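Participant: Starting off with a structure, shown below.
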Protein chains: 2
Amino acid sequence: MYFVKVFVTYKPSVLDPQGEAVKGAIHQLGYESIQDVRIGKYFELKVQSSQEPVETVVEALCDQLLANVNMETYRYEIIEMEEEA
Amino acid sequence: MYFVKVFVTYKPSVLDPQGEAVKGAIHQLGYESIQDVRIGKYFELKVQSSQEPVETVVEALCDQLLANVNMETYRYEIIEMEEEA
């Protein structure tokens with residue numbers, strides 16, 4: 001069993017209007033030290049061990065479903081969990 | 001200057017309907033090894049050094065704006081960046 005964290009963010013060249021809006025809200029709250037905000041998606045997956053390597057499964061999922069590879073980029077971390085008895 | 005990653009997720013006791021929907025879509029694509037999906041928000045902040053510790057600023061921001069502390073929980077990682085000349 002694996003615990004996988006997937007982070008999907010806009011590519012640096014793509015404008016992030018939601019992040020800009022949140023930055024505006026942060027400045028209105030008075031936190032002027034925040035210079036930049038970018039917003040992404042975060043997925044936590046529980047993946048059962050199978051014949052396919054978990055990296056292959058996660059990358060296929062990101063490419064097909066979780067990320068829009070035209071505008072977004074993704075990173076993931078895989079943590080191996082102990083099997084439950 | 002600090003680079004801060006903030007992860008906001010539903011508390012474990014809160015149902016995540018968006019995650020359930022994505023799990024359904026994943027299974028329809030044929031990836032039966034994915035057992036559970038939970039979806040959260042991911043923020044990348046650039047924070048200028050100020051008199052206040054960056055932890056204090058980030059926690060205040062999460063409590064006031066980025067997370068709904070009734071239903072959500074947050075974690076953050078702070079990475080110190082070299083100042084630009």
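Participant: For the stretch A:74-85, enumerate the residues that are open to solvent by 70 Å² or more (accessible area, probe 1.4 Å) and at pLDDT below 95.
Facilitator: Passing the criteria: A:E80, A:E82, A:E83, A:E84, A:A85.
Participant: Could I ask something else about it? Inside the stretch B:15-28, can you point out the residues that are part of a helix (DSSP H, G or I) and not small (G, A, S)?
Facilitator: B:P17, B:Q18, B:E20, B:V22, B:K23, B:I26, B:H27, B:Q28
Participant: Those residues that are aliphatic (A, V, I, L, M), surrounded by fewer than 19 Cβ atoms within 10 Å (Cβ to Cβ) and either under 16 Å from B:K41 (Cβ atoms) or at pLDDT 95 or above (or both), I need them from the stretch A:15-28; list them, please. Talk me through it step by step, then tell me what you get.
Facilitator: Taking the stretch A:15-28 as the starting set, the residues that turn out to be aliphatic (A, V, I, L, M) are A:15, A:21-22, A:25-26.
Checking the rest, the ones that are also surrounded by fewer than 19 Cβ atoms within 10 Å (Cβ to Cβ) come to A:15, A:21, A:25.
Scanning the stretch A:15-28 gives A:A21, A:A25.
Participant: Mind counting the residues in the stretch B:20-72 that are at the interface with chain A (Cβ under 8 Å from one of its Cβ atoms) and either in contact with a Gly (Cβ under 6 Å, 6 or more places away or on another chain) or among the small types (G, A, S) (or both)?
Facilitator: Total satisfying the criteria: 10.
Participant: Kindly establish whether B:Y31 is buried (at least 18 other Cβ atoms within 10 Å of the Cβ) and in a loop (DSSP other than H, G, I, E, B).
Facilitator: On the way: buried (at least 18 other Cβ atoms within 10 Å of the Cβ): yes; in a loop (DSSP other than H, G, I, E, B): yes.
When the stated conditions are applied, B:Y31 passes them.
Participant: Which of the residues spanning the stretch A:41-73 are assigned to a loop (DSSP other than H, G, I, E, B) and open to solvent by 20 Å² or more (accessible area, probe 1.4 Å)?
Facilitator: Applying the first criterion (assigned to a loop (DSSP other than H, G, I, E, B)) to the stretch A:41-73 yields A:48-53, A:67-71.
If the condition is that a residue be assigned to a loop (DSSP other than H, G, I, E, B) and open to solvent by 20 Å² or more (accessible area, probe 1.4 Å), then A:Q48, A:S49, A:S50, A:Q51, A:E52, A:P53, A:N68, A:V69, A:N70, A:M71 are the ones that fit.
Participant: Oh, and also: Within the stretch A:1-14, count every residue that is in a strand (DSSP E or B) and over 12 Å from A:E72 (Cα atoms). Show your work before the answer.
Facilitator: Step one: list which residues in the stretch A:1-14 are in a strand (DSSP E or B), which gives A:2-10.
So of that shortlist, the ones also over 12 Å from A:E72 (Cα atoms) come out as A:2-6.
Final tally of qualifying residues: 5.
Participant: Exactly one condition in (1) without any contact (Cβ under 8 Å) to a residue 60 or more places away in the chain; (2) open to solvent by 10 Å² or more (accessible area, probe 1.4 Å) is false for A:T9; which is it?
Facilitator: A:T9 satisfies all of (1) without any contact (Cβ under 8 Å) to a residue 60 or more places away in the chain; (2) open to solvent by 10 Å² or more (accessible area, probe 1.4 Å) except (1).
The values are calculated or read from the model by the stated rules, or taken from the named source; none is laboratory data. Values in this document were obtained by computation on a predicted structure and should not be read as measured data. Heads up, the Cβs are rebuilt from the backbone with ideal geometry, glycines too, and the neighbour counts pull from every protein chain shown. For the accessible areas, the whole protein counts, side chains as well, though only heavy atoms, and no ligand, DNA or RNA atoms are used. Shrake-Rupley method; radii C 1.70, N 1.55, O 1.52, S 1.80 Å.
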